[in-house]
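As structure tokens, the structure follows; a few thoughts come after it.
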Amino acid sequence: AVNHYIEKIEKDTHNAFVEIFYGEARERATVVDQKIRFGTAGRLAGMIIGIKDNICLKGHRVSAASKILDGFESLFTATVVERLIKEDAIIIGRLNMDEFAMGSTNKTSVYGPALNPHNKAMVPGGSSGGSAAAVAAGLCHAALGSDTGGSVRQPAAFCGIYGMKPSYGRLSRYGLIAFASSLDQIGPLTTNLEDMALLLEVMAGKDPMDSTSSSHAVEPFSEALGSERKYTIGYLTETLEHPALDPEIKQLTLDTLDHLRQAGHTVVEAHLPHLDYLTPVYYIIATAEASSNLARYDGVHFGYRSPNATNMDEVYTLSRTEGFGPEVKRRITLGTFVLSSGFYDAYYGKAQKARRLIVQTTNNIFEKCDFLLTPTTPGTAFPLSKVFDDPTKLYLEDIFTVMANITGIPAISIPMGQHSNGLPIGLQLMAPVFKDFQIIEMADQVS
Ligand code: GLN
């Protein structure tokens with residue numbers, strides 16, 4: 001299987017993988033093969049997994065698709081990856097992404113953009129674009145991505161596969177290169193829910209190396225499959241009435257709600273009057289945290305150091321100037337601005353208050369329903385050649401996904417068929433915090 005996938009990756013034309021871990025994968029294959037013969041293999045024996053280039057594997061390059069981490073090798077393995085390997089999964093390589101997970105197109109990668117397997121002229125989404133493209137193109141069984149504002153779910157929707165952002169704290173972030181620590185979660189991308197449930201089961205749980213990981217009991221997610229339990233599903237009128245929403249995606253959401261009603265579920269209307277504030281709140285908090293997290297790349301400790309520097313100040317400034325791409329610089333600048341003493345109250349402080357309000361509203365919504373069903377994205381994958389030059393337009397594409405990160409709730413994107421333009425459509429299911437088991441249960445019924 002390892003050789004089969006290596007061959008496929010070598011021939012691939014979607015720029016999904018940025019490196020194949022030849023030695024690692026083949027060595028592990030031999031070990032796992034032995035274990036299978038002796039009947040001692042783990043639960044993921046033979047599962048071939050790609051990891052986003054911001055998740056660490058000891059002794060291997062990791063770069064967050066940025067020049068600033070040029071030449072850097074991980075000194076340790078991310079907890080979630082360690083747990084996968086313990087169950088005999090085989091990590092086959094690292095996957096393309098937007099630089100530091102900032103973006104929705106995979107266009108900001110130092111390796112060049114990954115392409116959508118359904119149509120190579122289209123973006124695969126981002127920032128976990130390589131992860132989604134790899135799984136959709138059949139280059140590995142499953143992939144790990146990271147989701148700060150939709151980066152697992154949006155590319156999953158654009159590439160026609162499943163992508164889940166678990167509850168905040170459900171998976172350890174140890175070994176994930178931080179973008180915005182209060183929003184980041186690692187999440188799996190798979191072609192089916194069985195793999196999704198199994199991967200979550202193996203990876204979830206408290207990790208002493210990540211103080212924000214939760215000690216909430218890990219449920220047997222695989223047992224959520226095949227359930228016929230009836231639930232109450234809410235839909236947010238503000239999402240369905242949103243002017244940016246594609247009419248076919250709206251219709252598909254309405255039809256799905258109808259099917260659920262016919263299958264015996266209760267469907268209720270819900271309201272999120274602050275929908276239009278979600279994206280600004282997300283971009284203030286995410287950039288503020290990013291400006292702090294990315295301060296460590298100083299040309300001294302990690303990766304790239306400018307060869308043009310002649311003194312200490314220049315080591316810092318030139319390494320950062322030459323090492324970061326334009327989108328990362330924009331976000332560091334924006335984040336530093338919203339945190340600056342003169343503007344803190346007007347922006348960062350206000351965004352924190354708005355976040356609290358959004359959490360309260362979300363809690364109120366979930367008093368009346370068990371799940372929320374929304375489109376994952378307002379439209380289908382867009383052409384690579386037409387990615388907006390205006391960053392704020394691109395930021396607005398995240399309107400339906402950021403809610404789950406702002407509030408910490410679990411959310412999954414479910415592939416729901418094709419648009420008349422031939423591209424996949426994803427619908428998103430959200431649930432209250434730590435209802436990750438139930439979300440798999442319901443996703444299975446929606447699928
Ligand atoms: N598109 C969003 C952004 O650019 C989401 C990124 C993410 O989830 N990592 O910030």
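The values are calculated or read from the model by the stated rules, or taken from the named source; none is laboratory data. Owing to the predicted nature of the structure, the values given are computational and were not obtained by experimental measurement. Quick reminder, even Gly has a Cβ in these numbers, built from the backbone with ideal geometry, and neighbours come from all protein chains shown.
Residues of the stretch 24-69 being touching a strand residue (DSSP E or B) at 6+ places or on another chain (Cβ under 9 Å), within 25 Å of K107 (Cβ to Cβ) and charged (D, E, K, R), which ones?
Once the filter is applied, which keeps residues that are touching a strand residue (DSSP E or B) at 6+ places or on another chain (Cβ under 9 Å), within 25 Å of K107 (Cβ to Cβ) and charged (D, E, K, R), the stretch 24-69 yields K52, D53, R61.
Being among the hydroxyl-bearing types (S, T, Y) and surrounded by 18 or more Cβ atoms within 10 Å (Cβ to Cβ) is the filter here, so list the residues in the stretch 335-352 that pass it. Lay out the reasoning, then the answer.
Our first condition is that a residue be among the hydroxyl-bearing types (S, T, Y); within the stretch 335-352, this holds for 336, 340-341, 344, 347-348.
Y347, Y348, listed by residue number.
Output the residue which, of all residues in the stretch 127-177 that are of a type in the set (F, W, Y) and in contact with a strand residue (DSSP E or B) (Cβ under 8 Å, 6 or more places away or on another chain), is farthest from P410 (Cα to Cα). Working first, answer last.
In the first step, residues of the stretch 127-177 are kept if they are of a type in the set (F, W, Y); the result is 158, 162, 168, 174.
Going one step further and asking which of them are in contact with a strand residue (DSSP E or B) (Cβ under 8 Å, 6 or more places away or on another chain), we end up with 158, 162, 168.
Working: F158: 19, Y162: 14, Y168: 7 Å.
For the stretch 127-177, the residue satisfying everything is F158.
Which pairs turn up if I take residues in the stretch 146-170 that are in contact (Cβ under 8 Å) with a residue 24 or more places away in the chain and look for partners that are of a type in the set (D, E, K, R) and away from the ligand (no atom under 12 Å from the Cβ) with beta carbon separation below 7 Å, at least 6 apart in sequence or on another chain?
These pairs meet every condition: P166/D436; S167/D436; R170/D436.
Being surrounded by fewer than 19 Cβ atoms within 10 Å (Cβ to Cβ) and more than 16 Å from the ligand (Cβ to nearest atom) narrows it down to one residue among P383, P415, P378; which is it? Before the answer, list the steps.
Numbers: P415 fails: surrounded by fewer than 19 Cβ atoms within 10 Å (Cβ to Cβ); P378 fails: more than 16 Å from the ligand (Cβ to nearest atom).
Selected residue: P383, the only one of P383, P415, P378 that is surrounded by fewer than 19 Cβ atoms within 10 Å (Cβ to Cβ) and more than 16 Å from the ligand (Cβ to nearest atom).
Output the number of residues of the stretch 144-175 satisfying the condition of being of a type outside the set (G, A, S) and within 11 Å of the ligand (Cβ to nearest atom). Steps first, please.
Pass one, the stretch 144-175, residues of a type outside the set (G, A, S): 144, 147-148, 152-155, 158-159, 161-162, 164-166, 168, 170-171, 173-174.
Then keep just the ones that are within 11 Å of the ligand (Cβ to nearest atom); that gives 147-148, 152-155, 165.
Selection size over the stretch 144-175: 7.
Would a scan of the stretch 358-371 turn up a residue that is part of a helix (DSSP H, G or I) and aromatic (F, W, Y)? Step through it out loud before you land on a result.
From the stretch 358-371, those part of a helix (DSSP H, G or I) are 358-368; that's our starting set.
Imposing the further condition that a residue be aromatic (F, W, Y) reduces the set to 366.
Looking for residues that are part of a helix (DSSP H, G or I) and aromatic (F, W, Y), one finds at least one in the stretch 358-371, hence yes.
Please verify whether L236 is at pLDDT 95 or above, within 16 Å of the ligand (Cβ to nearest atom) and within 22 Å of V152 (Cβ to Cβ), treating the condition exactly as stated.
Details: at pLDDT 95 or above: yes; within 16 Å of the ligand (Cβ to nearest atom): no; within 22 Å of V152 (Cβ to Cβ): yes.
For L236, the condition - at pLDDT 95 or above, within 16 Å of the ligand (Cβ to nearest atom) and within 22 Å of V152 (Cβ to Cβ) - is not met.
Step by step: first the residues of the stretch 278-303, then only those that are under 26 Å from the mean Cα position of the chain (by Cα), crowded, with 16+ Cβ neighbours inside 10 Å and away from the ligand (no atom under 16 Å from the Cβ), then the one that is modelled with the highest pLDDT. Which residue is that?
For the stretch 278-303, the residue satisfying everything is Y297.
Only one of S131, S104 is in a loop (DSSP other than H, G, I, E, B) and either buried (at least 24 other Cβ atoms within 10 Å of the Cβ) or among the aromatic types (F, W, Y) (or both). Can you tell me which?
Working: S131 fails: in a loop (DSSP other than H, G, I, E, B).
Every option except S104 fails the conditions.
I'm trying to understand the selection: among the residues of the stretch 123-143, which are over 16 Å from D12 (Cβ atoms) and more than 16 Å from the ligand (Cβ to nearest atom)? Please lay out each step first, then the result.
As a first pass, look at the stretch 123-143 and keep what is over 16 Å from D12 (Cβ atoms): 123, 125-128, 142.
Passing the criteria: only A142.
The rows are residues; the columns are (1) buried (at least 18 other Cβ atoms within 10 Å of the Cβ); (2) over 30 Å from E289 (Cβ atoms); (3) touching a residue at least 24 places away in the same chain (Cβ under 8 Å).
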residue	(1), (2), (3)
S172	yes, no, yes
F179	yes, no, yes
S182	no, no, yes
G187	yes, no, yes
A217	no, no, no
L236	yes, no, yes
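Return only the number of the condition from (1) aliphatic (A, V, I, L, M); (2) assigned to a loop (DSSP other than H, G, I, E, B); (3) over 26 Å from the mean Cα position of the chain (by Cα) that A381 does not satisfy.
The one condition A381 does not meet is (3).
Any idea which of E241, E269 is farther than 23 Å from Q352 by Cα, loosely packed, with under 13 Cβ neighbours inside 10 Å, charged (D, E, K, R) and in contact with a Phe, Trp or Tyr (Cβ under 7 Å, 6 or more places away or on another chain)? I'd like the intermediate steps shown before the answer.
Numbers: E241 fails: in contact with a Phe, Trp or Tyr (Cβ under 7 Å, 6 or more places away or on another chain).
Just a single option satisfies the conditions, and that option is E269.
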